[in-house]
Amino acid sequence: MRVDIVTIFPEFFQVLDVSLLGKARQDGIIDVRVHDLRDATTDRHRTVDDTPYGGGAGMVMKPEPWGQTIDAILDDAAGQPAVPAEGSGSGDARPLVVFPSPAGTVFTQATARRYALEPHIVFGCGRYEGIDQRVFDDTAERARVELVSLGDYVLNGGEVAVTAMIEAFGRLVPGVVGNPESLVEESHEDGLLEYPSYTKPALWRGREVPDVLLSGHHAKIAAWRHEQQIERTRRVRPELLPPELR
Ligand code: 6GU
């Protein structure tokens with residue numbers, strides 16, 4: 001899978017060199033390429049922003065560096081088409097270009113599952129008050145464009161959001177997580193929050209591990225864990241449950 005990231009802070013993505021995703025990159029499973037948006041500027045100050053038409057606070061990212069950078073990435077990728085993962089199924093072979101934005105649709109585990117099947121995703125990290133709207137409209141002529149938000153709060157830029165998204169879908173790309181079974185019993189994979197976990201010692205600071213987990217009775221343990229999932233979800237995230245379980 002190929003991932004391109006466009007940003008004015010390329011050094012930010014050194015974080016992708018470590019841990020599980022660093023290993024996936026070394027193993028050639030995920031090919032991440034980071035591009036400095038300022039490399040596509042021509043003035044001495046490497047300017048990427050300007051004042052908004054119509055007035056208002058803050059600065060808007062200029063379209064020209066974005067257009068040139070995205071064109072170069074899409075032209076390069078067209079020359080070496082990536083092989084789509086089995087079962088990837090948008091039916092639209094054009095690359096996916098994702099702009100993190102608090103004005104986008106909310107990124108969920110379902111989004112992560114879908115992105116993990118994409119052969120090529122380009123992430124465009126905006127800063128300031130946003131990117132000139134024509135960049136999205138123009139890119140949409142050659143690619144599938146999505147504006148995607150992490151949730152209802154505002155970050156200074158898209159870099160942290162893109163890192164979170166890559167971490168979420170990267171671990172779902174086949175071969176990245178050693179034991180794929182560990183992926184199914186997690187919060188959100190079955191629409192519920194995960195059950196509480198315990199390890200040794202069985203008694204710690206006067207606190208015992210629930211008896212059922214020491215029983216060796218697999219069906220009872222599975223039933224207990226499922227109850228815990230529903231109870232926890234009802235308590236902290238009732239909106240995730242079907243109405244009859246709330
Ligand atoms: Cl994707 N970007 C920014 N700038 N702020 C956010 C966000 C994204 N998601 C939540 N807040």
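The values are calculated or read from the model by the stated rules, or taken from the named source; none is laboratory data. On a predicted model such as this, the values are computed, not experimentally measured, just so you know. Neighbour counts run over all protein chains shown; Cβ positions are idealised from the backbone, glycine included. In case anyone asks, the SASA skips ligands and DNA or RNA and just uses the protein heavy atoms, side chains included. Shrake-Rupley method; radii C 1.70, N 1.55, O 1.52, S 1.80 Å.
Contact map, the range 202-215: residues that are at pLDDT 95 or above paired with residues that are among the hydroxyl-bearing types (Ser, Thr, Tyr), Cβ distance under 8 Å, separation 6+ or inter-chain. Pairs shown: 209/198; 210/198; 213/198.
Within the range 157-192, if we keep just the residues that are away from the ligand (no atom under 16 Å from the Cβ) and among the polar types (S, T, N, Q), the residue that is surrounded by the fewest Cβ atoms within 10 Å (Cβ to Cβ) turns out to be 179. Can you pull out every residue in the range 229-246 that is surrounded by 10 or more Cβ atoms within 10 Å (Cβ to Cβ), free of Cβ contacts under 8 Å to residues at least 24 places away in the same chain, closer than 20 Å to residue 185 by Cα and of a type in the set (Lys, Arg)? Across the range 229-246, the qualifying residue is only 234. For the range 75-83, indicate whether the set of residues that are away from the ligand (no atom under 12 Å from the Cβ), at pLDDT 95 or above and assigned to a loop (DSSP other than H, G, I, E, B) is non-empty. The answer is no, given that none of the residues of the range 75-83 is away from the ligand (no atom under 12 Å from the Cβ), at pLDDT 95 or above and assigned to a loop (DSSP other than H, G, I, E, B). Residues of the range 198-228 that are open to solvent by 100 Å² or more (accessible area, probe 1.4 Å) and either aromatic (Phe, Trp, Tyr) or not in a helix (DSSP H, G or I) (or both): 198, 199, 200, 203, 204, 205, 207, 208. Among residues of the range 37-50 being touching a strand residue (DSSP E or B) at 6+ places or on another chain (Cβ under 7 Å) and not in a helix (DSSP H, G or I), the one that is least open to solvent (accessible area, probe 1.4 Å) is 48. There is at least one residue in the range 141-148 that is touching a strand residue (DSSP E or B) at 6+ places or on another chain (Cβ under 8 Å) and open to solvent by 50 Å² or more (accessible area, probe 1.4 Å).
Of all residues in the range 111-127, count the ones that are over 19 Å from residue 75 (Cα atoms), more than 10 Å from the ligand (Cβ to nearest atom) and open to solvent by 10 Å² or more (accessible area, probe 1.4 Å). Counting residues in the range 111-127 that are over 19 Å from residue 75 (Cα atoms), more than 10 Å from the ligand (Cβ to nearest atom) and open to solvent by 10 Å² or more (accessible area, probe 1.4 Å) gives 4. Cβ-Cβ contacts under 7 Å between residues 6 or more apart (or on different chains), taken from a first residue in the range 107-128 that is of a type in the set (Gly, Ala, Ser) to a second residue that is in a loop (DSSP other than H, G, I, E, B) and buried (at least 18 other Cβ atoms within 10 Å of the Cβ), are listed as 112/172; 116/172; 116/173; 126/158. Criterion applied to 108, 139 was being of a type in the set (S, T, N, Q), more than 12 Å from the ligand (Cβ to nearest atom) and within 30 Å of residue 80 (Cβ to Cβ), and the one residue passing it is 139. If you go through the range 142-156 and keep only what is over 14 Å from residue 126 (Cβ atoms), of a type in the set (Gly, Ala, Ser) and within 6 Å of the ligand (Cβ to nearest atom), you end up with just 151.
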